Amino acid sequence: MVISLKQSRDSFKSKFKGLRFNTWLIFTLFASAILIMLWFLQLNLLPPYYRAAKIGSVKSIADNVETMVISDQPLSALYQTARENSLCVQLVDNFGHTSTFNGIGTGCYIDKMAPKNPGEFDFDEMKENIVKSRDFEYNYLIDYGSEMIVYGRIVDAHLGRYVLLINAPVTPEKAGLELIQNQFVLMTILVLLFATIASIILARKISSPFIAMTASAKKLAQRDFDVSFETKGISFNEFEDLTSSLNYATQELKKVDELRLDLIANVSHDIKTPLTMILAYSEMIQDFSKNNPDLLAEHLNVIIAEAKYLDKLVENMLELSMLQSGTITLNETEFYLNELILELMTLFLNQKTNVNFYADAQYIVKGDQVMIGQVITNFFSNAIKYAGDSQIDIKLSQIKDVVRVSVIDYGCGIEPEDIDNVWERYYRIDKNFYRDQEGSGLGLSIARGIILAHNAKYGVISEKEKGSEFYFELNIVEIIK
Ligand code: ADP
């Protein structure tokens, strides 16, 4: 019970940590923040904005009235203007005759001739001020509280001088404000609804590749290397990069795993066979040959040969892993390549095979002489192994600024499907694991490791039943013709 409670609490908590919930939360918070900002601006900016707009329209109406007065147009049209614009216009001529066009009813302040309370706006005083104004262009704008403006101006027509007064309320009408507010409430609801729907869709879209990738990663953790990571139709660069990196990593893991299995199979075979032989021959010595010197020598020879093979195998494995991990350091010197090859050939003189050496010049190259010697030896010993009765040619030829070292045999050759794999460690074309004392399936991969450590090119040209040419190239330091 306690556990299930804890589990449900954990799953509840993890829901709040999920991408979907958080995308929705961020979206909604973002939309709310924008709405709050809009509300704030609306409430604070609407009155001053409305006021500025009203002042502008009052001034332009005053311009129109002035034109009408100057051009003796009938002023009856002013009734409509006053109504349409919710204001009240008054014209006072030289003789004190007043014409009022009221479009705001009792709200018209300048129409009121009632006695003023102390502190109230003095309309007569304003008229006097306008008349007294020296340049006759005096615009009198008064703020009566914050609720209305009274605007005045002198208009000189040919019939005489007029004082034009316009009175307009500046507070937005209540109905208008309510409409705006209602619109805003509706807008808030719509925006929040939209943000929720959009965030849910977006969260689903964004989270779907993650969910798929997590499922694939779980399979990968269970050693299913055929799994693939997909973007689930989301073509964002980041997702594409991530999936292609993960797919690449999966392929590499697959290779490593296959290699590991191969390695276990091959090493166990290669190590187990000599160990079995050593054990068997040791028992034979114990049981039969310890008192028979000839047989004893024969059995001991087998044990020594098997032990040497084991020693060589372990040495090769160490060397290869050092080469692959890059922990080996090259001891680079300049040396005579031709001399090195001739020296190595003498090591194989006791072989029955006929070996020829061709060189178009004397080459001085730079590299780790011992390691380069090992590459040539590996090529050479393979050629001897696979040449059958044919001869072997070792050739030095110049290709631009490099010299190509080729070891050529005319033996069994390699099938095209095997040719790229011969450089892989433990790869043997003969899958029957026929155990040759010399062969561990590591020779060519060690050679490749050394060549790559020299940043050199290498390759093989081969045809089944015609023979093979294994080669690598070294930078020339000097040529002596
Ligand atoms: P091994 O010790 O088995 O020779 P290598 O790494 O040297 O291992 O070679 C890998 C495989 O490449 C060999 O098992 C053999 O099948 C093939 N191979 C190498 N050299 C030759 C060659 N000159 N002719 C034909 N096959 C070759």
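The selection criterion, being among the β-branched types (V, I, T), closer than 28 Å to G411 by Cβ and surrounded by 18 or more Cβ atoms within 10 Å (Cβ to Cβ), holds for V375. For A195, the conditions (1) surrounded by 14 or more Cβ atoms within 10 Å (Cβ to Cβ); (2) outside any helix (DSSP H, G or I); (3) not hydroxyl-bearing (S, T, Y) are fulfilled apart from (2). Quick one: is T329 within 11 Å of the ligand (Cβ to nearest atom) and of a type in the set (V, I, T)? No: the conditions fail for T329. Each residue in region 171-212 was checked for being closer than 26 Å to E238 by Cα, touching an Asp or Glu at 6+ places or on another chain (Cβ under 8 Å) and either at pLDDT below 85 or not small (G, A, S) (or both), and 1 of them qualify. When the residues of region 453-474 are filtered to those that are out of contact with any strand residue (DSSP E or B) (no Cβ under 6 Å at 6 or more places or on another chain) and touching a residue at least 24 places away in the same chain (Cβ under 8 Å), the one that is farthest from I408 (Cα to Cα) is A453. If you check I376 against the conditions, is it in contact with a Ser or Thr (Cβ under 8 Å, 6 or more places away or on another chain) and within 21 Å of I446 (Cβ to Cβ)? The answer is no for I376. One residue alone among E120, E125 is out of contact with any Leu (no Cβ under 7 Å at 6 or more places or on another chain), modelled with pLDDT under 80 and under 25 Å from G160 (Cα atoms), and that residue is E125. Cβ-Cβ distances below 6 Å connect the following pairs, each with a first residue in region 177-189 that is surrounded by 11 or more Cβ atoms within 10 Å (Cβ to Cβ), a second residue that is of a type outside the set (V, I, T), and a separation of six or more residues or different chains: T188/L35. When region 64-107 is limited to residues that are part of a loop (DSSP other than H, G, I, E, B) and either of a type in the set (G, A, S) or at positive phi (or both), the one that is modelled with the lowest pLDDT turns out to be G96.
Would you point out the residue of region 380-390, among those that are near the ligand (Cβ under 9 Å from one of its atoms) and among the polar types (S, T, N, Q), that is surrounded by the fewest Cβ atoms within 10 Å (Cβ to Cβ)? Among those residues, the one meeting the criterion is S381. When D409, D436 are screened for being modelled with pLDDT under 90 and either near the ligand (Cβ under 10 Å from one of its atoms) or within 30 Å of S268 (Cβ to Cβ) (or both), only D436 passes.
Got a sec? Which of D401, D393, D420 is under 43 Å from the mean Cα position of the chain (by Cα), at pLDDT 90 or above and more than 9 Å from the ligand (Cβ to nearest atom)?
D401
The residues of region 59-78 that are without any contact (Cβ under 8 Å) to a residue 40 or more places away in the chain and either of a type in the set (S, T, N, Q) or under 16 Å from D156 (Cβ atoms) (or both), listed by number, are S60, D63, N64, T67, M68, S71, Q73, S76.
Considering region 221-240, the residues that are of a type in the set (S, T, N, Q) and modelled with pLDDT of 90 or more include one that is farthest from L202 (Cα to Cα), namely Q222.
The values are calculated or read from the model by the stated rules, or taken from the named source; none is laboratory data. What you see is a predicted model, and the numbers here were worked out from it, not measured in a lab. In this analysis, Cβ positions are derived from the backbone assuming ideal geometry, glycine residues included, and neighbour counts consider all displayed protein chains.
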